[in-house]
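The values are calculated or read from the model by the stated rules, or taken from the named source; none is laboratory data. It should be emphasised that the depicted structure is a prediction, and the values quoted were computed from it without experimental measurement. As a convention, Cβ positions derive from the backbone with ideal geometry for all residues, glycine included, and neighbour counts pool all protein chains shown.
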Amino acid sequence: MLIADLLKQEQAGKTNDVVSCNADETVAAAVARMTDNNIGSVVVLREDSVVGIFTERDVLRGLHQNGGGFLDNLLEDSMVTKVIVVNPNQTIDEALQIMNEYRIRHLPVVEENRVVSVLSVRDLIAQKLDRVKHTAEFLQQQVQLGSKPLPM
């Protein structure tokens, strides 16, 4: 399944605004935005261009290394600047492989130099589990009907 297909399913009936912060905002502002939106990362922008990503792990690491004063730091000094992205024409399996390889849990989806979504590992696992469930149900129906399943 393509990432584009997953995004279409998720967007049915809701807006999928990417939660972001500007690079000159503080860590505290990013933490507030993540908390308010119940998410684990924000995309960091400078003049509408992606310059970084800031995640829950960055918060924990920064607080551990620098104490509470870390919250006053600017995102541009605290974010991950090597942002790994995917495009909507890649598959969910490719996205999972990238997340596993780079040990990341949030993956921006970029189309025409614009972030259109951020996938979490939870999104992708939930989709994979749903497909496994549907496949199992189909195979169970085929067995009950006594017919041979179609090749997959």
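Any residue in the range 52-73 that is surrounded by 13 or more Cβ atoms within 10 Å (Cβ to Cβ), under 20 Å from the mean Cα position of the chain (by Cα) and polar (S, T, N, Q)?
Yes, the range 52-73 contains a residue that is surrounded by 13 or more Cβ atoms within 10 Å (Cβ to Cβ), under 20 Å from the mean Cα position of the chain (by Cα) and polar (S, T, N, Q).
Taking only pairs six or more apart or across chains, which ones have beta-carbon atoms under 8 Å, a first residue in the range 69-94 that is farther than 25 Å from Ala32 by Cβ and in contact (Cβ under 8 Å) with a residue 60 or more places away in the chain, and a second residue that is assigned to a loop (DSSP other than H, G, I, E, B) and of a type outside the set (Ser, Thr, Tyr)?
Final answer for the pair search is Thr91/Met1; Ile92/Met1.
So that you can scan it fast, the table gives a plain yes or no per residue for (1) among the acidic types (Asp, Glu); (2) farther than 17 Å from Ile84 by Cβ; (3) touching a helix residue (DSSP H, G or I) at 6+ places or on another chain (Cβ under 6 Å):
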position: Val19; (1), (2), (3): no, yes, yes
position: Asp24; (1), (2), (3): yes, yes, no
position: Ala28; (1), (2), (3): no, yes, yes
position: Arg33; (1), (2), (3): no, yes, no
position: Leu45; (1), (2), (3): no, no, no
position: Thr55; (1), (2), (3): no, no, no
position: Leu60; (1), (2), (3): no, yes, no
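Report every pair of residues separated by at least 6 positions or lying on different chains whose Cβ atoms are under 9 Å apart, first residue within the range 1-24 and closer than 22 Å to Asn89 by Cα, second acidic (Asp, Glu) and at pLDDT below 95.
Here the result reads Met1/Asp93; Ala4/Glu111; Leu6/Asp123; Glu10/Asp123; Asn16/Glu10, each pair linking the range 1-24 to a residue that is acidic (Asp, Glu) and at pLDDT below 95.
For the range 97-147, which residues satisfy the criterion of being assigned to a helix (DSSP H, G or I), surrounded by fewer than 12 Cβ atoms within 10 Å (Cβ to Cβ) and modelled with pLDDT of 90 or more?
Asn100, Glu101, Tyr102
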